1. Give the relative contact order (percent, whole number) for the chain; include only Cα pairs under 8 Å separated by 6+ residues.
2. Report, ordered by chain and residue number, the lysines lying within cross-link reach of Lys63, taken as a straight Cα distance under 26 Å and ignoring same-chain residues fewer than 8 apart.
3. Counting helices only, and only those DSSP H runs with n ≥ 4, report the 222 nm mean residue ellipticity of the chain as the sum of -39,500 (n - 2.57) divided by its residues, in deg cm²/dmol to the nearest 500.
4. Place +1 on the Cβ of every Lys and Arg and -1 on the Cβ of every Asp and Glu in the chain, take the dipole about the Cα centre, and give the residue among Tyr21, Pro124, Val94 whose Cα lies farthest towards its positive end.
5. Go through region 79-87 residue by residue and turn each phi into a ³J(HN,Hα) via Karplus (6.51, -1.76, 1.60, θ = phi - 60°); whole Hz please, and just put x for glycine and proline.
6. As I understand it, the dipole of the chain uses +1 on the Cβ of Lys and Arg and -1 on the Cβ of Asp and Glu, about the Cα centre. Which of Tyr67, Ala55, His36 lies farthest toward its positive end?
7. Just how large is the dipole of the chain about the Cα centre, in debye to the nearest 20, putting +1 at every Lys and Arg Cβ and -1 at every Asp and Glu Cβ?
8. Return Met118, Met110 ranked ascending by Cβ neighbour count within 10 Å, so the fewest neighbours appear first.
Amino acid sequence: MQVDLKPLDEAVIEELVRVFYQRAANDPRLKSIFDHVIHDWDAHHQVVQDFWSRALLDTERYKGHPYPLHARLPLQLEHFDVWLEHFRLTASEVLPEQAAARAIARAEHMAESFKTGMFFDYQPRSGSQPLV
């Protein structure tokens, strides 16, 4: 059994967000969306850090609802796969193993939920399970 040597704390979550957005915001498949909607990267990073702090550390820092914000964006189905590609890689590199698995499962669940809500003809992937 592998023991995670890196503790899961706010500094690790900050690194997760920073590294993820360095990758995703520079991906030509996503760059125009980020350029269009993110005008204050520091503020955006803080909101996303708050979200993951709540999701992974059970803090009360995030009190919003991400779906309505994302539903207004000019997203296509393929954007979710690209986003998840970058998120899976970053979470696996930055987070302790168990935290990475939880974060990836949460991100995948959110992506499926968002796609179901945003795209009328979207059929969820088989085997999708509710997030517990």
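1. Result for the chain is 30 percent.
2. Here the lysines satisfying the reach criterion relative to Lys63 are Lys115.
3. -21000 deg cm²/dmol
4. Farthest towards the positive pole: Pro124.
5. Calculated HN-Hα couplings, in order: 4, 5, 5, 5, 4, 5, 4, 5, 5 Hz.
6. So the residue furthest toward the plus end is Tyr67.
7. 300 debye
8. Ascending Cβ contact count within 10 Å gives the list Met118, Met110.
Any read-out appearing in this document is the output of simple, stated calculations on the displayed coordinates, not a laboratory observation. What you see is a predicted model; the values in this text were computed from it and never measured. Reconstructed Cβ throughout: ideal geometry from the backbone, glycine too, with neighbour counts over all protein chains shown.
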